[in-house]
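Enquirer: There's a structure below that I have some questions on.
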Amino acid sequence: MRLLLLADTHVPKRARDLPRQVWQEVDEADVVIHAGDWVDEALLDALESRAALLVGVHGNNDSPELRRRLPEVARVELGGVRLAVVHETGAASGRERRCAVQYADADVLVFGHSHIPWDTTAESGLRLLNPGSPTDRRGQPDCTYLTAVAQGGRLQHVVLHRLPPLD
């Protein structure tokens, strides 16, 4: 099961749309996961209509309409992998310990908010992934997103993709 992980798209404030490469990934993915900060419902509508399956949460910059349509935390099992999705996890210091307690029922936690790509594993075995942002690098060298494969109860082939500068 091919996964596309996104967060902090901020469309249309930081970009008019997602980069073409990201839309191609949407078309190829079995599941698109979005960890919040959509900003406008139009992107949610577009992803819902184009993605085979969409799992998303709202973020701190999302409108009341998005907050009504999306949960704060989403949980789903894909390819035998138990995923939790949330926008904010708090400070980087102590993140693994805090999240291992708060998301003890998950194998993988996908989060956003910082726009900083993150891939660590807590002592408990919880894997924490932040795809960064495909539209707002906010001090990072590149805009980014993640792809992965969930199969046989394992998350495999996790790849951070770096995007060329926006047109």
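Enquirer: Looking at Gly132, Gly59, Gly112, which one is free of Cβ contacts under 8 Å to residues at least 60 places away in the same chain, surrounded by 13 or more Cβ atoms within 10 Å (Cβ to Cβ) and closer than 13 Å to Ala35 by Cβ? Break it down into steps so the answer makes sense when it comes.
Expert: Working: Gly132 fails: free of Cβ contacts under 8 Å to residues at least 60 places away in the same chain; Gly112 fails: free of Cβ contacts under 8 Å to residues at least 60 places away in the same chain.
After applying the criteria, what remains is Gly59.
Enquirer: Does region 30-56 hold any residues that are surrounded by 13 or more Cβ atoms within 10 Å (Cβ to Cβ), of a type in the set (Asp, Glu) and either part of a helix (DSSP H, G or I) or more than 14 Å from the chain's Cα centre (by Cα) (or both), and which are they?
Expert: Asp30, Asp40, Glu41, Glu48
Enquirer: Restricting region 138-160 to residues that are surrounded by 20 or more Cβ atoms within 10 Å (Cβ to Cβ) and of a type outside the set (A, V, I, L, M, F, W, C), which is nearest to Trp23 (Cα to Cα)?
Expert: For region 138-160, the residue satisfying everything is Tyr145.
Enquirer: Within region 18-58, work out how many residues are farther than 19 Å from Leu109 by Cα and either of a type in the set (Val, Ile, Thr) or at pLDDT below 95 (or both). Steps first, answer last, please.
Expert: Initially, region 18-58 is screened for residues farther than 19 Å from Leu109 by Cα, giving 18-28, 39-52.
Filter once more, so that each one left must be either of a type in the set (Val, Ile, Thr) or at pLDDT below 95 (or both): 22, 26, 39-40.
Total satisfying the criteria: 4.
Enquirer: Just to be sure, is Asp107 surrounded by 14 or more Cβ atoms within 10 Å (Cβ to Cβ) and either out of contact with any helix residue (DSSP H, G or I) (no Cβ under 6 Å at 6 or more places or on another chain) or of a type outside the set (Phe, Trp, Tyr) (or both)? Show your work before the answer.
Expert: Working: surrounded by 14 or more Cβ atoms within 10 Å (Cβ to Cβ): yes; either out of contact with any helix residue (DSSP H, G or I) (no Cβ under 6 Å at 6 or more places or on another chain) or of a type outside the set (Phe, Trp, Tyr) (or both): yes.
Answer is yes for this residue.
Enquirer: Looking for something surrounded by 18 or more Cβ atoms within 10 Å (Cβ to Cβ), under 26 Å from Val11 (Cα atoms) and charged (D, E, K, R) - is there at least one such residue anywhere in region 73-80?
Expert: Looking through region 73-80, none of the residues is surrounded by 18 or more Cβ atoms within 10 Å (Cβ to Cβ), under 26 Å from Val11 (Cα atoms) and charged (D, E, K, R).
Enquirer: I've got another one for you. Among the residues of region 3-21, write down those that are basic (Lys, Arg) and more than 16 Å from His113 (Cβ to Cβ). Step through it out loud before you land on a result.
Expert: We begin by selecting, within region 3-21, every residue basic (Lys, Arg); these are 13-14, 16, 20.
Residues satisfying the conditions are Arg16, Arg20.
Enquirer: What tally of residues in region 10-33 results from selecting those that are under 23 Å from Val73 (Cα atoms), touching a Leu at 6+ places or on another chain (Cβ under 6 Å) and touching a residue at least 40 places away in the same chain (Cβ under 8 Å)?
Expert: The qualifying residues number 4.
Enquirer: Taking region 57-70, which residues are assigned to a loop (DSSP other than H, G, I, E, B) and touching a helix residue (DSSP H, G or I) at 6+ places or on another chain (Cβ under 8 Å)?
Expert: Here is the first cut: in region 57-70, the residues assigned to a loop (DSSP other than H, G, I, E, B) are 57-63, 70.
The answer is His58, Ser63, Leu70.
The values are calculated or read from the model by the stated rules, or taken from the named source; none is laboratory data. All values reported here derive from a predicted model rather than from experimental measurement. Heads up, the Cβs are rebuilt from the backbone with ideal geometry, glycines too, and the neighbour counts pull from every protein chain shown.
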